Amino acid sequence: MSAKLLIVLLSLATVSCATHEATQINAKKSSEDRLTNAVVSPLADFNLIQTSIPAALTEAVANPYKVPAESDCKGLTDQVQLLDTALGPDLDALVDSKSKSYMDKGEDMAQNEAVGSVERTIQGVIPFRSWVRKLSGAEKSSNELATAVAAGIVRRAFLKGMIQERRCKDPAPTLPTPVVPPEGAPDAPAIQK
């Protein structure tokens, strides 16, 4: 096994773990995203719909360890926030799942199972799906996206290391702040963006 393949596999494993944890935080939002992705997956399998790679990730693929031109605290923090926007929250911004009630955990589990069932059903509609993806070029696009995400994660970690090295004031995690709904509004949104 070549060193490049091993690095890509380790990066993809890291991406998978980070994605799973981020899914636990935004279960409702990610359920809607997963449902949307499942519905359009046949179009993506035929390479009719492609996911565009954000510029921050494209730059990370080119050189994840490049020292940025603006290497002061504000410049570094701005670049980390761009990567947070492209990748979602980092591990240090994740909410501890132990703080959830059993009811919330059960609701998340039920949503994940329901969405997973829809995903498996829709993806099973296309016979020889893996060959269709290879022949249409969708597999290549998926690999490019996975490589960009892995490079973005590495780039964000590198920039956060530079922030710590310079002893910059640690920016607060970019999580939505809870909003207290006014009385008499039972369906008011619980999170403000």
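Since every read-out is calculated from the coordinates, none of them should be taken as a lab result. Nothing here was measured: the structure is a model prediction, and the numbers come from that model. Cβ sites come from the backbone with ideal geometry, for glycine too, and all protein chains shown count toward neighbours.
With the structure loaded, tell me whether THR77 is over 18 Å from the mean Cα position of the chain (by Cα), among the hydroxyl-bearing types (Ser, Thr, Tyr), surrounded by 11 or more Cβ atoms within 10 Å (Cβ to Cβ) and part of a helix (DSSP H, G or I) or whether it fails that test. Here the answer is yes, as THR77 does meet what is asked.
Might you let me know whether the stretch 128-142 holds any residue that is under 23 Å from VAL67 (Cα atoms) and surrounded by fewer than 13 Cβ atoms within 10 Å (Cβ to Cβ)?
Of the stretch 128-142, the ones under 23 Å from VAL67 (Cα atoms) are none.
Scanning the stretch 128-142 turns up no residue that is under 23 Å from VAL67 (Cα atoms) and surrounded by fewer than 13 Cβ atoms within 10 Å (Cβ to Cβ).
With respect to the conditions (1) more than 19 Å from the chain's Cα centre (by Cα); (2) at negative phi; (3) among the aromatic types (Phe, Trp, Tyr), PHE158 lacks only one, and its number is (1). Of the residues making up the stretch 88-135, those that are touching a helix residue (DSSP H, G or I) at 6+ places or on another chain (Cβ under 7 Å) and of a type outside the set (A, V, I, L, M) are GLY88, PRO89, ASP90, SER97, ASP108, GLN111, GLU119, GLN123, ARG129, ARG133.
Which residues, taken from the stretch 117-138, are in contact (Cβ under 8 Å) with a residue 40 or more places away in the chain and either within 13 Å of THR36 (Cα to Cα) or basic (Lys, Arg) (or both)? Scanning the stretch 117-138 gives VAL118, GLU119, ILE122, GLN123, ARG129, ARG133.
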